[in-house]
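Pasting in a structure now, in structure tokens, and then I'll have a few things to ask.
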Amino acid sequence: MGRTAMETIEYLAVSADEGVRLDSFIAAHCGLSRSVSQQLVEAGNVLVNGKAAGKGKKLAEGDRLAITIPPPRESTLVAQDIPLDVVYEDPFLLVVNKPKGMVVHPAPGNPDGTLVNALLHHCAGSLSGIGGELRPGIVHRIDKDTSGLLVVAKDDETHRGLSEQFAEHSSEREYDAVVYGGFRESTGEIDAPIGRSRADRKKMAVTETNSKSAVTTYRVVESFDGFTHLKLRLKTGRTHQIRVHMAEIGHPLAGDEVYGPRKVIKRLNGQCLHAGMLGFTHPQTGERVRFESPLPPYFTAFVAGLTKK
């Protein structure tokens, strides 16, 4: 079901695209990484109103884009028979429930044993190839120590349809988290831009420098002595968004070894964060679908050990 030939995709920029960098637009709407998007532009594979443009070009409403994507490279990734918790599957996509501790795709330090390796075995090669061989089928991702739902595309058309929904924030994502401290209000919203930390390039931070808008809403589920169980929804999808936003307002996630206090909760082995709900419009059927995942044992065990207020 993957693509084997050169393909050209056409887009018409709308008012919401006004001022967006060309490479950012391609990355979001075609399901590509920023680096791959830049490579396409630099190779002359992207035309704006019939002419080649630079990666930093800012789009205007009415611009016509023609993006030529070459076929994916032959994958060097290894298919591995790793058990998967498949919540839903059809010929076009599947939704999986990722366990805490599993890396989504291979990277230095995690060359195999990842979700991608498991998917290559489970799908027997039927995964989208957008973006080359690095992350076949992966439309979005969650951190290694975050558990929960992910949607995976089996073909390029489905991949693009899902990527557009994540770019336009029309998909739904709700998380459960346990954070430090208590809240006076039962609901709230955090609207603070996120970019790469200038102090530590491995971390993200709330910053006005080279950042993107980020909005997270939260609702208190239950209060405990020193902790609170929250439901959080993403209106945007920035790297480490929930973890950064909660740390910014003084309520870092329990167990977060990057953005939390120095004294970590070792029994959690990372942040107490679960992607419990995922909703989107199926790109092939047009049906609005919604999936839920119950709280995993590590989460419920930690909450059970807390003292209610």
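The values are calculated or read from the model by the stated rules, or taken from the named source; none is laboratory data. Everything numeric in this text was worked out from a predicted model, so none of it was measured. Here the Cβ positions follow ideal geometry from the backbone for every residue, glycine too, while neighbour counts run over all protein chains shown. These accessible areas exclude ligands, DNA and RNA; they are computed on the full protein's heavy atoms, side chains included. Shrake-Rupley method; radii C 1.70, N 1.55, O 1.52, S 1.80 Å.
Per residue, how much accessible surface does region 155-309 expose to a 1.4 Å probe? Answer in Å², no decimals. All intermediate terms of the calculation are to be shown ahead of the outcome.
Numbers: 7850 Å² over 155 residues.
The answer is 51 Å² per residue.
Follow-up. Run the numbers for residue 236 and residue 61: contour at 0.36 nm per residue of separation, minus the present Cα-Cα distance, in nm.
Details: separation 175, 0.36 × 175 = 63.00 nm, distance 2.19 nm.
Stretched out fully, the residue 236 to residue 61 stretch lengthens by 60.8 nm.
Here is a follow-up. Between residue 202 and residue 183, what length in nm is gained on full extension when 0.36 nm per residue of separation is reduced by their alpha carbon distance?
Working: separation 19, 0.36 × 19 = 6.84 nm, distance 2.95 nm.
Between residue 202 and residue 183, full extension yields 3.9 nm more.
Moving on to the next point. Provide the gained length on full extension for the span residue 266 to residue 191, in nm with one decimal, where the gain is 0.36 nm per separating residue minus the Cα-Cα distance. Write out the running numbers ahead of the final one.
Numbers: separation 75, 0.36 × 75 = 27.00 nm, distance 3.05 nm.
Gain on stretching residue 266 to residue 191: 23.9 nm.
Okay, moving on. Which value, in Å³ per residue, describes the convex hull spanned by the Cα atoms of region 4-68?
Details: hull volume 4.9 nm³, N = 65.
Convex hull volume per residue, Cα atoms: 75 Å³.
Using amide H atoms built in the peptide plane, which far-off residues or other-chain residues are under 5 Å from residue 87 H to H?
For residue 87, whose amide H was placed from the backbone, the distant partners under 5 Å are 95, 96, 97.
For the pairs 100/231; 98/144; 57/154; 98/309, flag any whose C-alpha to C-alpha distance is greater than 20 Å.
Values: 100/231 18 Å; 98/144 9 Å; 57/154 32 Å; 98/309 32 Å.
With Cα atoms farther than 20 Å apart: 57/154; 98/309.
Region 154-246: percent of C-alpha pairs farther apart than 18 Å?
Details: 2309 of 4278 pairs.
Tail of P(r) above 18 Å: 54 percent of Cα pairs.
Taking a temperature of 37 °C and a viscosity of 0.692 mPa s, what whole-number D in µm²/s does Stokes-Einstein yield for region 151-309 with Rh from Kirkwood over alpha carbon pairs?
195
Let me ask another. Pop out the ³J(HN,Hα) list for region 179-188 in order, Karplus 6.51 cos²θ - 1.76 cosθ + 1.60 with θ = phi - 60°, rounded to Hz; leave Gly and Pro as x.
Karplus values, whole Hz, x for Gly and Pro: 10, 6, x, x, 10, 6, 9, 7, 9, x.
Right, another one. Could you work out the helix-only [θ] at 222 nm for the chain, with each DSSP H run of four or more residues adding -39,500 (n - 2.57) and the total divided by the number of residues, to the nearest 500 deg cm²/dmol? Let's see the in-between values first.
Details: 6 runs with 55 residues, N = 309.
One gets -5000 deg cm²/dmol as the mean residue ellipticity at 222 nm.
In the chain, what percent of the accessible surface is made up of carbon and sulfur (1.4 Å probe, ligands and nucleic acids excluded)? It would help to have the intermediate numbers written out before the result.
Numbers: 7160 of 14940 Å².
Result for the chain: 48 percent of the exposed heavy-atom area is carbon or sulfur.
Based on the alpha-carbon set only, what is the convex hull volume of the chain divided per residue, in Å³? Please list the in-between numbers first.
Working: hull volume 43.6 nm³, N = 309.
Per-residue hull volume (Cα only) is 141 Å³.
What FRET efficiency would be calculated for the residue pair residue 217, residue 10, taking the C-beta separation as r and a Förster radius of 25 Å, to the nearest 0.05? Write out the running numbers ahead of the final one.
Details: r = 35 Å, r/R0 = 1.40.
Between residue 217 and residue 10 the formula returns 0.10.
Sorted by packing (mean other beta-carbon atoms within 10 Å per residue), highest first, where do 285-292, 96-103 land? Write down the numbers at each step before the final one.
Working: 285-292: 11.4, 96-103: 19.6.
Answer by packing, highest mean first, reads 96-103, 285-292.
How high is the relative contact order of the chain? Use alpha-carbon pairs under 8 Å, at least six apart in sequence, and give a whole percent.
On the way: 677 pairs, mean separation 46.7, N = 309.
Over the chain, the number comes to 15 percent.
Might you tell me the accessible area per residue for region 77-121, computed with a 1.4 Å probe and given in Å²? Kindly include the intermediate steps, with their values, before the conclusion.
Details: 2000 Å² over 45 residues.
Per-residue value: 44 Å².
With each pseudo-label sitting 7 Å past Cα toward Cβ, what's the residue 42-residue 284 distance in nm, one decimal?
3.5
Output ³J(HN,Hα) for region 139-152: one whole-Hz value per residue in order, computed from phi by the Karplus curve 6.51 cos²θ - 1.76 cosθ + 1.60 with θ = phi - 60°, and x for Gly and Pro.
For region 139-152, the Karplus-derived couplings read 8, 8, 9, 10, 4, 3, 8, 9, 9, x, 8, 9, 9, 10 Hz, x marking Gly and Pro.
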